[in-house]
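Report on one structure; see the data block that follows.
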Amino acid sequence: MNKAIFLDRDGVLNKERKDYVKTVQELELFANIETCISKIKKNSFLAIVITNQSAVNRGLTSHKNINEIHDYIQNYLKKFNTKIDAFYYCPHQPNENCDCRKPKIKLIEQAALDFKIDLSKSWMIGDHQKDFDAGKTAGCKSIKISHSSELDIVLDKIFLKS
């Protein structure tokens, strides 16, 4: 079985915008994400993004734009010989009551099936309580961070424990 670090996207890998990250042009990656993703991979964890992207169903962006944003992140990371193993996103608005919008856990469960992940040996890292709650409900250890610079520090603590 594999181990994973599940990461929220906005506020963890890139700057969060009040009006959503709708296009590649609006994406502002945090300075240290290549170091953090490399650290995850070097410690034999999968790096998987689990993100709510309600801007899609709000009509503010498209699935195509979300996929272009994820491709851009991958191409950026490729320059540093690292990558995110997969991106899973929920396009639904909170009032749609779907099973995939965090804090619900359908996307984490799907990733666990797709990659044969042992959730009890995995972590969820996010900047909102719903990220923390999703990880806990799925059976992962969860950590809530409040600033992008914390990701590197949190990863060091995780890898000291593993």
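The values are calculated or read from the model by the stated rules, or taken from the named source; none is laboratory data. These numbers come from a predicted model, not from an experiment. Neighbour counts are summed over all protein chains in view; Cβ atoms, including those assigned to glycine, are modelled from backbone coordinates with ideal geometry.
Key figures for this structure:
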quantity: Criterion violated by ASN81 - all others in (1) in contact (Cβ under 8 Å) with a residue 40 or more places away in the chain; (2) in a loop (DSSP other than H, G, I, E, B); (3) within 16 Å of the chain's Cα centre (by Cα) satisfied; calculated: (3)
quantity: Qualifying residues in the stretch 113-142 (those that are in a loop (DSSP other than H, G, I, E, B) and touching a residue at least 60 places away in the same chain (Cβ under 8 Å)) - the one nearest to the chain's Cα centre (by Cα); calculated: ASP127
quantity: Output for the stretch 47-74, where each listed residue is under 19 Å from HIS128 (Cβ atoms) and polar (S, T, N, Q); calculated: THR51, ASN52, GLN53, SER54, ASN57
quantity: Filtered residues of the stretch 31-76 (kept if among the aliphatic types (A, V, I, L, M) and touching an Asp or Glu at 6+ places or on another chain (Cβ under 6 Å)); calculated: LEU46, ALA47, ILE48
quantity: Output for the stretch 129-152, where each listed residue is at pLDDT 95 or above and out of contact with any helix residue (DSSP H, G or I) (no Cβ under 8 Å at 6 or more places or on another chain); calculated: GLN129, LYS130, ASP131, PHE132, ASP133, LYS136, THR137
quantity: Flag for LYS15 being more than 22 Å from PHE132 (Cβ to Cβ) and among the basic types (Lys, Arg); calculated: no
quantity: Sole exception among (1) aliphatic (A, V, I, L, M); (2) more than 19 Å from SER122 (Cβ to Cβ); (3) more than 14 Å from the chain's Cα centre (by Cα) for ILE66, by number; calculated: (3)
quantity: Close pairs (8 angstrom Cβ cut-off, 6 or more residues apart or separate chains): within 23 Å of LYS79 (Cα to Cα) in the stretch 38-62, small (Gly, Ala, Ser) and surrounded by fewer than 21 Cβ atoms within 10 Å (Cβ to Cβ) anywhere; calculated: ASN43/SER162; LEU46/ALA86; ILE48/ALA86; VAL49/ALA86
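This table checks each residue for (1) surrounded by fewer than 16 Cβ atoms within 10 Å (Cβ to Cβ); (2) at pLDDT below 95; (3) not in a strand (DSSP E or B).
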residue	(1), (2), (3)
ASP19	yes, yes, yes
ILE40	no, no, yes
LEU46	no, no, no
ILE66	no, no, yes
ILE73	no, no, yes
ARG101	no, no, yes
LEU107	no, no, yes
ALA111	no, no, yes
